[in-house]
Every structure is written in structure tokens, then in C-alpha cells.
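Take a look at the structure set out below.
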Amino acid sequence: MTAMRLRPLIAGNWKMNGSRAQAEALISDLRARRAAQPDLAADLLVCPPAPHVMRVVNLAEGSGIAVGGQDCHTKASGAHTGDTAAAMLADCGCRYVIVGHSERRADHGETSELVAAKAKAALAAGLIAIVCVGETEAERDRGATLDVISSQLEGSVPADAEATNLVVAYEPVWAIGTGRTPTPEDVAAVHAHIRGLLQAWFKDGAEIRILYGGSVKASNAASLLHVPEVNGALVGGASLKSEEFWAIALAAAGS
Ligand code: PEP
């Protein structure tokens, strides 16, 4: 069966990087590029650090560039010092939130159960949850990639999700920030596997976007983004340079 062509989503994860001035410069530059190419056949999203979200939302307004959070809490409010509720992100104008990024799974011991609860909170707040999954190098070396992806995905995705509020990001942990990437064939195999699971679980599973993430840059974007069942990219380091991020968007759009 040939893959359905879904409108690509190019999402920038700025992580814990940049001053307010740098965030302003980055979104302003992207806004200008987007305005010069109104027919770009791709959706753009940036996920700034929490303190910069509101400023970036303001500067992105009307640009067609969506803004998202990098994480959210499972609860709507309460005594959770340092955390951010999904509803707060929505209230600030965010449309998306990343949950289950491997850096949070590793740095904060987040389990798939917790990630599912965060994704559920995101959906309840009207956000689109970007649920990240990916194998470590050790898991890959012992041939466990597909099993790891199946179990992370099954554990992390809320049962009531649908194509309008769920995006899956496949991010091999060993490829994040390393400059190393899987081969297009390896990416195709994992994405086909994820698509099969989504179709088995959800009525509209064929329409849920599956992003690839891990060392995507302008020079490798075309080869990774035109793999069947790759519906965009989650971009870390390269999303901090507007020229590079824009080139990735153009490659995804086939422009
Ligand atoms: C990420 O952390 O989501 C990511 C893909 O990072 P990078 O592009 O820097 O590998």
C-alpha cells in the first residue's frame, strides 16, 4: 500500500537555549521568510524555552508559524513548583506541546505511563501532543528497536487521541545531537512499523503525522524527509539557525 501524503510538519525544539533577544531574532527572521513564501507546503512550529513562549507567540501572531511548549504537567493546576500546565500553554497561544522527549525520559526519569498522562492533559487543554519515542544505541545494537518503539508508543499514546491532536516523533536517542542518522531504509522500516501500530489502534491512524528527529539539518533533510511515512521533522540544533531551519522546511515542502 502506498503511503498517504500528509502535509509535513517541521517542528523546531529550541530546548534550553537562547536569550530573549535571540528568541525574538529567530522568530522574526522565520516570520519574514514565511511571509515571503505564503504558499509553502509545510506547517511550521517552534517550541521555545518556557520563559520565551509568550514573547514568541506575540511575534509569531498571524505568521502561520505555530508555537508549542517543550513539556507539560499532568495536572491542570496546583502545588507543582517549576512545572507548567498544558492549559497555561494553550492560554498563552500555544497549539502544540512536546511530551516524552528522550532528554526528559533520561534527565527526569519520565516513564511512558507519565508521558501518556501528560499527553492526555495536553489533549484536555486543546493542544496537539507530540509524543516522542526512540531507542538507545544499546537497544539498537541488540536488534530491539521495533520492540522498544512498540512498547514506548503503546505506553505513551492516549487511547482517545486522533489525527487532529496527536503527532508521533521517532527520535533514535543515539542520533540526537550527535550528527549521526539512521539510513533512509532504517527510518522507513521504523516509520512503517509505527504507521502499522497507529492504524491498528486508531480509526484515522493513517492520518496521524509521524516526524523523524535526530540530527536533521539542511544537508540531509531531503533524503530523510522524503522517506515513505515520514511526515516532517522534529529539529533540535538546526532549529536555532533560521537559515538552516528554513532550508529544512523547503526540503520538506519539496520547494
Ligand atoms: C531533538 O532533540 O528533538 C533533536 C532532534 O535534536 P537534534 O536535531 O539536535 O539532533
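The values are calculated or read from the model by the stated rules, or taken from the named source; none is laboratory data. Quantities reported herein were computed from a predicted structural model and do not represent experimental measurements. Quick reminder, even Gly has a Cβ in these numbers, built from the backbone with ideal geometry, and neighbours come from all protein chains shown. Protein only, heavy atoms only, side chains kept; ligands, DNA and RNA dropped before computing areas. Shrake-Rupley method; radii C 1.70, N 1.55, O 1.52, S 1.80 Å.
Would you confirm, using the coordinates I've provided, whether residue 41 is assigned to a loop (DSSP other than H, G, I, E, B), among the hydrophobic types (A, V, I, L, M, F, W, C), in contact (Cβ under 8 Å) with a residue 60 or more places away in the chain and within 18 Å of residue 242 (Cα to Cα)?
Here the answer is yes, as residue 41 does meet what is asked.
Which of the following residues is open to solvent by less than 30 Å² (accessible area, probe 1.4 Å), out of contact with any Ser or Thr (no Cβ under 7 Å at 6 or more places or on another chain) and part of a helix (DSSP H, G or I): 238, 222?
238
Against the condition at pLDDT below 95 and open to solvent by 50 Å² or more (accessible area, probe 1.4 Å), how does residue 51 come out, does it pass?
Judged against the criteria, residue 51 is not a match.
Report the residue count in region 189-217 for those that are open to solvent by less than 10 Å² (accessible area, probe 1.4 Å) and small (Gly, Ala, Ser).
Residues meeting the conditions: 3.
Since residue 56 meets every condition but one in (1) open to solvent by 20 Å² or more (accessible area, probe 1.4 Å); (2) assigned to a helix (DSSP H, G or I), which condition does it not meet?
Failing condition for residue 56: (1).
Only one of these is within 21 Å of residue 49 (Cα to Cα), at pLDDT 95 or above and not polar (S, T, N, Q): 197, 211. Name it.
Of 197, 211, the one residue that is within 21 Å of residue 49 (Cα to Cα), at pLDDT 95 or above and not polar (S, T, N, Q) is 211.
Yes/no matrix, rows are residues, columns are (1) without any contact (Cβ under 8 Å) to a residue 60 or more places away in the chain; (2) more than 16 Å from the ligand (Cβ to nearest atom); (3) among the hydroxyl-bearing types (Ser, Thr, Tyr):
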residue: 155; (1), (2), (3): yes, yes, no
residue: 161; (1), (2), (3): yes, yes, no
residue: 177; (1), (2), (3): no, no, no
residue: 182; (1), (2), (3): yes, no, no
residue: 205; (1), (2), (3): yes, yes, no
residue: 208; (1), (2), (3): yes, yes, no
residue: 215; (1), (2), (3): yes, no, yes
residue: 227; (1), (2), (3): yes, no, no
residue: 254; (1), (2), (3): no, yes, no
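Please determine whether any residue of region 65-87 is open to solvent by 40 Å² or more (accessible area, probe 1.4 Å), small (Gly, Ala, Ser) and touching a Leu at 6+ places or on another chain (Cβ under 8 Å).
No, the conditions are met nowhere in region 65-87.
Select from region 88-106 the residues that are outside any loop (DSSP other than H, G, I, E, B), touching a helix residue (DSSP H, G or I) at 6+ places or on another chain (Cβ under 8 Å) and away from the ligand (no atom under 16 Å from the Cβ) and list them in ascending order.
Result: 89, single match.
Quick one: which of 76, 85, 3 is in contact with a helix residue (DSSP H, G or I) (Cβ under 6 Å, 6 or more places away or on another chain) and in contact (Cβ under 8 Å) with a residue 12 or more places away in the chain?
76
Residues that are of a type in the set (Ser, Thr, Tyr) and touching a Gly at 6+ places or on another chain (Cβ under 7 Å): which helices (runs of 4 or more DSSP H) entirely in region 112-194 hold 1 or more of them?
Counting at least 1 such residues, we get 112-124, 145-156.
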